[in-house]
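The values are calculated or read from the model by the stated rules, or taken from the named source; none is laboratory data. The shown structure was predicted, so the numbers you read here are calculated from the model rather than taken from an experiment. Positions of Cβ are generated from backbone atoms using ideal geometry, with glycine treated the same way; all protein chains shown enter the neighbour counts. Accessible surface is based on the protein model in full, side chains and every heavy atom, while ligands, DNA and RNA are left aside. Shrake-Rupley method; radii C 1.70, N 1.55, O 1.52, S 1.80 Å.
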Amino acid sequence: MPRNLGAAARNLGVAMARTPYVAFSDDDSWWAADALPAAERLLDAHPRLALIAGRTLVGADHREDPVNQRMASSPLGRLPGLPGPSVLGFLACAAIVRKEAYLEAGGFSPLFGVGGEEGLLSLDLAARGWHLCYVAEVRAHHHPSQRRPPTGRRRRTEQRNSALIVWMRRPLRRCAAESVGLLRRATRDPGTLLTIAGIVRRLPRALAQRRRLPPDVERLARTVELAEARN
């Protein structure tokens, strides 16, 4: 593309794909040889399954990405008939999506760039009655590039996008709590002011897309948040 679209560039790839399912990879990740046939069988067998979050193995020694355990022990449990625990998040480089569901939910938002962009798509798929599951047997390999943004910048981007997602989909009391939390954090970490500035710049566009979650999906989101807070 003429300019870097960030995560939203995947939307173009999905729109152009001629297959019912699309497996994402980044330039530093790839799928195990048996992953895509296994995912295809599962998606064929479960017509309301929108996304398979695969198991991510990191580096040459195949270390478990910490997100694997979090998804395997998801507080949302495992619905009868589905191939794995239900999740409201995933790693984009280890995800396989149903094209129909992905396009229906609008794909990745161009508002976010790269960093935590999966959160909004997860909520929007669930809000439309689609399922997302973690399936450990579907494996992706990830050898993180050494040419990555500084850790602090990445953390600020993820904080910014997390806050924007709250403003776009969650109740106003949750939006207020998120804002208060950021302001308190800024008193201890001045770098948080950069996060807040990024939120303020994007907030008008985020609010133009505000749409409350259905009550059942809001309950799921709250369940995940409470579990993360306990851990």
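Between 0 and 90 degrees, rounded to the nearest ten: what's the tilt of helix 172-188 against the longest Cα principal axis of the chain?
Computed tilt is about 70 degrees.
Using a 10 angstrom cutoff on alpha carbons, build the Gaussian network for the chain and name the most mobile of ARG155, ARG170, ARG201.
Comparing ARG155, ARG170, ARG201 in the GNM, the peak value goes to ARG201.
Of all beta bridges DSSP finds with both residues in the chain, what is the antiparallel percent, to the nearest 5?
Percent antiparallel among DSSP bridges in the chain is about 55.
Any chance you could check the Cα centroid distance between region 59-116 and region 168-231 for me, in angstrom?
20
So what's the angle, to the nearest 10 degrees on a 0 to 90 scale, between helix 35-45 and the longest Cα principal axis of the chain?
For helix 35-45, the angle is close to 90 degrees.
Using +1 on the beta carbon of Lys and Arg, -1 on that of Asp and Glu, and nothing else charged, what's the dipole of region 1-98 about the Cα centre, debye to 20? List each step's numbers first, then the result.
On the way: 10 positive and 9 negative charges, 87 e Å.
The calculated dipole for region 1-98 is roughly 420 debye.
For region 73-120, how big is Rg over Rh, using alpha carbon atoms and the Kirkwood form of Rh?
Using only Cα positions, Rg/Rh for region 73-120 is 1.00.
If you fit an axis through the alpha-carbon atoms of helix 151-169 and take the longest principal axis of the Cα set of the chain, what angle between them do you get, 0 to 90°, nearest 10?
Helix 151-169 sits roughly 90 degrees off the main axis of the chain.
Report, in deg cm²/dmol and to the nearest 500, the calculated mean residue ellipticity at 222 nm for the chain, where each DSSP H run with n ≥ 4 adds -39500 (n - 2.57) and the sum is divided by the residue count.
On the way: 9 runs with 112 residues, N = 231.
Computed ellipticity for the chain at 222 nm equals -15000 deg cm²/dmol.
Test of understanding: what is the full-extension gain from MET1 to GLN146, defined as 0.36 nm times their sequence separation minus their Cα-Cα distance?
So the extension gain works out to 49.8 nm.
To the nearest 20 debye, what charge dipole does region 103-192 have about its Cα centre, counting +1 at the Cβ of each Lys and Arg and -1 at the Cβ of each Asp and Glu?
Numbers: 16 positive and 8 negative charges, 107 e Å.
Using only the charged Cβ atoms, the result is roughly 520 debye.
How much accessible area per residue does region 59-171 have, counting only protein heavy atoms and a probe of 1.4 Å, in square angstrom?
43
Identify, among LEU79, HIS141, ALA126, the residue whose Cα sits farthest towards the positive end of the charge dipole of region 69-190, taking +1 on the Cβ of Lys and Arg and -1 on the Cβ of Asp and Glu, with the dipole about the Cα centre.
Highest projection toward the positive end goes to HIS141.
Quick check: at a probe of 1.4 Å, how many percent of the accessible area of the chain sits on carbon and sulfur atoms?
55
Could you check how many percent of all C-alpha pairs in region 137-178 are farther apart than 13 Å?
66
Binned at 10 Å from 0, what are the whole-percent values of the Cα-Cα distance distribution for the chain, short to long?
Percent of pairs per bin, in order: 7, 31, 38, 20, 3, 0.
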